[in-house]
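The structure appears below as structure tokens.
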Amino acid sequence: MADAMSHEEVADLLALEALGALEPSDRDDMERHLATCAACRHAADEYAELASLLPAALEVVPPPARLRRNLMAQVYAEATASPTVPWWRRVIDAIPANRTFTVVGAVAVIAAIAFGIWGATGRNLPQPAVTISYPVSGTTATGTLDVPAGGTPAVLLVNGLQPLPSTKTYEVWLIPTQGSPKGVAFLSPSPQVGGWVAAIPGSLAGYKSLAATVEPAGGSSTPSNTEVLSGQLSAS
Amino acid sequence: MHLSDDDIVRSISAHSPEGIEALYDRYGGLAHTVALRILSDRGAAEDVVQESFLAVWRRGATFQSGRGSLRSWICTIVRNRAIDRLRGDRHRTRLDTPIEGESIEPAVSDPWAAVALELSGEEVRKALAELPDEQRQTIELAYYGGYSQSEIATAMEVPLGTVKGRVRIALDKLRASLADRVETPWQTQ
């Protein structure tokens, strides 16, 4: 069907679309027009950007720290459990965009060629090496604490834990060779990984073991006597 | 180390956890505020924010270059998910675009990117306050209430055509007002 809409009519629809109020009956007409009108595509971008400024008028409500902790625990756990990015993607993504072709770029291209030959054998690029994997266990739980090489957090993956009521949480503790246990993370259920996960930030140096206990939601200053798993932080 | 939005996009596309971490650190507060404003429930808002960032993480490698800024993109994802939660998925008339179809390409040269960086919350509040009540209410119903154009027309007891024009006029006024506040060269269309 021919596009019979004026720019002004389309602008009405673009504004509705930017606010999420456009209905499907009008969307087809709008998209048909956009397919052939660069000016209206630009207007669409502007309305979308404008709409995205609306939240700036709200008083910012900072998210609780647990949200970041839970999110990143899940992300790092999934990264550890399923590092499936193909070799060519990593090579391409490793080359800086919009930059002058420099020695670094040349090296990247050479590396890409080398990896290409290597990748043609059907392999993936080497993933960040997991230098140590510590087993952990409890009455019903088993799992591992994977400590990757270089900078990224250690990831605790656990199976066999029971769901908790919303008023409780599984808190992870590092136990130092001397001194009091330090609460470092909370275990979160991860359907994607199929168990419970926690990202343990920082160095494990100076700690002899790890444990998890059941604590009130939000955590405790010291662990209660409810240990559900533990593991030694020494090379097996 | 300060990452630009471009750096974050590349990191996300490379399926790097650090990319999501940087995205959250930059826009997590905004995302949480949007979700909480729509849902008025802290637990539900946290769920939506976590689901949104996890969706970005899990599908990051599928993004294609496109249009819009990173801030706009994450706001759209969070808003759409919050509205879906609000509506209980009873009737997905919509309204939103699935995340697979969203594209990211920070428009660093876009004048609105500069506007966004310079604007304070107070300036946006003032610009909104200058709108006639019916225009501001229409924006609120649509953006935070998840109302469609027909639902707005019913709720405000005005013809559908009035709603269409009102939304565009309101956004055009807002654009002009905000552009004036940051002294950014701007030509309204």
Give me a single rounded figure for A:32-44: the average over its residues of other chain Cβ atoms within 10 Å of their Cβ.
-> 1
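Let me confirm one metric for peptide B:144-155, namely the mean number of other chain beta-carbon atoms within 10 Å of its residues' beta-carbons. List each step's numbers first, then the result.
Details: counts 5, 2, 3, 3, 6, 10, 3, 2, 3, 0, 0, 0.
Taking the mean over all residues of the peptide, I get 3.
Across the residues of B:36-45, average count of Cβ atoms on other protein chains within 10 Å?
Details: counts 4, 6, 1, 0, 0, 0, 3, 1, 0, 3.
That works out to 2 on average.
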Answer rounded, prolate or oblate for region A:130-232, using the Cα gyration tensor with square roots of eigenvalues a ≥ b ≥ c: rounded when a/c is under 1.5, else prolate when a/b is larger than b/c, else oblate.
-> oblate
Under a cut-off of 30 Å between alpha-carbon atoms, report the lysines in cross-link reach of A:Lys168, not counting same-chain residues fewer than 8 places apart.
-> A:Lys182, A:Lys208
May I ask you to list the lysines whose Cα is less than 20 Å away from that of B:Lys173, ignoring any residue fewer than eight positions away on the same chain?
-> B:Lys126, B:Lys164
Would you kindly derive the ³J(HN,Hα) couplings of region A:136-143 from the backbone phi angles with the Karplus curve 6.51 cos²θ - 1.76 cosθ + 1.60 (θ = phi - 60°), listing them in order in whole Hz, with x for Gly and Pro?
-> 10, 7, x, 4, 10, 9, 9, x
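When a/c reaches 1.5 or more, the comparison of a/b and b/c decides; with that in mind, is region A:7-57 rounded, prolate or oblate per its Cα gyration tensor? Before the final figure, lay out each step's value.
On the way: a/c = 2.66, a/b = 1.51, b/c = 1.77.
Oblate.
Values quoted throughout were computed directly from the atomic coordinates according to the rules given, and no laboratory measurement underlies them. All of these numbers come straight from a predicted model, not from anything done at the bench. A quick note on method: Cβ atoms are made from the backbone with ideal geometry, for glycine too, and the neighbour counts reach across all protein chains shown.
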